[in-house]
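The values are calculated or read from the model by the stated rules, or taken from the named source; none is laboratory data. This is a predicted model, so every value here is computed, not measured. Glycine also receives a Cβ, built like all others from the backbone with ideal geometry; neighbour counts cover every protein chain displayed. For the accessible areas, the whole protein counts, side chains as well, though only heavy atoms, and no ligand, DNA or RNA atoms are used. Shrake-Rupley method; radii C 1.70, N 1.55, O 1.52, S 1.80 Å.
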Amino acid sequence: MPHRVVDFFRSSNDSIHSIKQTMQTMQRRTSPPSRSRSRERQRPTRTSSYASSADGDGVVEEHNQVLPVRLPEVSKEKHKEHHRLSFPILHLGGHKASKDVSENANASLDWRIESAPAIFYGSADESTGALISGQLQLRVKEEAFEVENLEAKLEIRITQKKPFSGHCPECATQKTELKSWSFLSEPTVLTQRTHEFPFSILLEGHLPATTDNHLLSIQYVFTAEARPRDGGLPLKLRRTIDVRRSLSTPATPHHSVRIFPPTNITASVHYDAVVHPHATSSFMLRLDGIGKHNTAARSVEYWKLKRLSWKLEEVVTTLAPACKKHAPKNTPATVDENGNEAKKGTTRTDTRVIAHADMHSGWKADYYSADGTIEAEIEYQTGGASSGSGSSSSSSSARAVSCDIRGGRNGIEVSHRLVVEMVVAQEYVPLAHTRHVTPTGVARILRMNFGVVLTDRGGLGVSWDNEAPPIYQDVPPSPPSYARATMVEHGSVEDFSLPSPEYPHDEERPAYCVGPSATTTTPEGFNNNSSRI
């Protein structure tokens, strides 16, 4: 009715149970009996309490009055929390993730390498190793910082990218500790400054160099950890050391000769046996015996070079070892060269082409000489595009080139080879008309491969044993003696000698300066028994 004023209030004094009962009562009174329950569920029913005032005197006349109801705010919040689905585990990642456990506001760890880059000079059998030295720095940011202990270690980690068992961490990673340091083994209070702890290690020459390829990766990992006395977050440091191997380059190229029966073709190749990654190298090719003269028919049969292609291949072989849990039980145990039990696993091999090129021209040919010759000088890139003629491509942009590794642990071996392929076709030509060339329909594919060693550059460094200081036996026993000397003054030569501890204090000491007016004086504050330095 228009004279009725409908107010919607929610009382904070009533409970949820009483509110529900009041709502159900008002639904029965206000809702028509023909309304279906489905529509009641779709439309929320409002419970109203109304009051009419007569003559404005403040007297309230109630007609089926329902007490004002106000839902408490606390119950509303509880109602929302009841329907909220919380998954705390889903909030562990992302930008809201907790800070790194190694962070500590009171101190920090760092290092400083003082030695030259770690490079093995020579092969695994000849190298004397590489020396690594540096300082472990503990920077204290407050006035006093008490440390329980401070330890560090260097280990070599071999990660198999195709392990024996795909989801086993022990099959995927093998760790070998090379050396450990215990700088602080008992609780120590450190002041506010940078504390340095020296460390050094001599890596043996037979160890493998750092590599990262499609099958495995080898890393030298240096880790340090300091535990605070108060039980706070530990200080952690993790760094990797790049270890390389450099082999000496021969002064002259390697010479190789190949013969291709049943033909008389002989290939002579001069190539560099040791090359460097992402560099330019070359090889010289000469083919002899490609022509055959027929004196009676006054004609020549020769092999014409139609296409020449080269490619540089990288072959990686490794043994993916199995852990104790996944090791085969029925396989008999074998013994390696050192007498230790060999690890059980699966051999993995990966072959890829680093660079290649196809050439259809660019060589010199003489088909009408006595035997016929073909000469070519070809440049190629070790991990880059070829600079010679013809189409070329490289896969070095997708993955870095790995240097050679021979005789590594776990059967790790990385090797490279240069493959040269030639397509020759036989042709017949009369000497009287050299332009009338007739193909005989016979063709051959000549294929050669040469092993090359891909190694890092040595730079300006030398092996650690060549730059070491002299040993104790090479040091002379003492400096030369200065017990007697001469001094010229005013044309006279007098004896000059240093004081000797053999003279007693009460004897007259020899004068340091000899001359007509030279005298020995003692300054004030010093007695005769005082020694001078």
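Report, by residue number, each residue of region 421-448 that is basic (Lys, Arg) and in contact (Cβ under 8 Å) with a residue 60 or more places away in the chain.
Going residue by residue through region 421-448, those that are basic (Lys, Arg) are 435, 444, 447.
The answer is Arg444, and nothing else.
Taking strands (runs of 3 or more DSSP E) as the structural unit, those lying wholly within region 104-145 and holding at least 3 residues that are in contact with a Phe, Trp or Tyr (Cβ under 8 Å, 6 or more places away or on another chain) and farther than 12 Å from Glu204 by Cβ correspond to 130-140.
Quick one: is Val147 under 16 Å from Pro228 (Cα atoms), modelled with pLDDT under 90 and touching a strand residue (DSSP E or B) at 6+ places or on another chain (Cβ under 9 Å)? Give the steps one after another, and end with the answer.
Details: under 16 Å from Pro228 (Cα atoms): yes; modelled with pLDDT under 90: no; touching a strand residue (DSSP E or B) at 6+ places or on another chain (Cβ under 9 Å): yes.
Judged against the criteria, Val147 is not a match.
Contact annotation: residue pairs with Cβ atoms under 8 Å, 6 or more positions apart or on different chains, pairing a residue in region 231-259 that is farther than 25 Å from Glu177 by Cα and touching a residue at least 24 places away in the same chain (Cβ under 8 Å) with a partner that is among the aromatic types (Phe, Trp, Tyr) and surrounded by fewer than 18 Cβ atoms within 10 Å (Cβ to Cβ), are His254/Phe450; Ser256/Phe450. Taken over region 309-326, the residue count meeting the criterion of being acidic (Asp, Glu) and either open to solvent by 10 Å² or more (accessible area, probe 1.4 Å) or farther than 30 Å from Ala279 by Cα (or both) is 1. The set of residues from region 267-306 being surrounded by fewer than 14 Cβ atoms within 10 Å (Cβ to Cβ) and in contact with a His (Cβ under 9 Å, 6 or more places away or on another chain) comprises just one member, Lys306. Number of residues in region 389-405 that are closer than 23 Å to His270 by Cα and either modelled with pLDDT of 85 or more or open to solvent by less than 30 Å² (accessible area, probe 1.4 Å) (or both): the value is 2. Among the residues making up region 88-103, those that are open to solvent by 80 Å² or more (accessible area, probe 1.4 Å) and either at pLDDT 80 or above or not in a loop (DSSP other than H, G, I, E, B) (or both) are Pro88, Ile89, Leu90, His91, His95, Lys96. With respect to Ser165, is the statement that it is under 30 Å from His326 (Cα atoms), in contact with a Lys or Arg (Cβ under 9 Å, 6 or more places away or on another chain) and of a type in the set (Gly, Ala, Ser) true? Answer is yes for this residue.
Would you check which residues across region 129-141 are of a type outside the set (Gly, Ala, Ser) and open to solvent by less than 60 Å² (accessible area, probe 1.4 Å) and list them?
Within region 129-141, Ile132, Gln135, Leu136, Gln137, Leu138, Val140 qualify.
Within region 318-329, residues that are in contact (Cβ under 8 Å) with a residue 24 or more places away in the chain and within 26 Å of Val414 (Cβ to Cβ) have Cβ atoms under 6 Å from residues that are among the basic types (Lys, Arg) and open to solvent by 10 Å² or more (accessible area, probe 1.4 Å) in these pairs: Thr318/Arg348; Ala320/Arg348; Pro321/Lys343; Ala322/Lys344, counting only partners at least 6 apart in sequence or on another chain.
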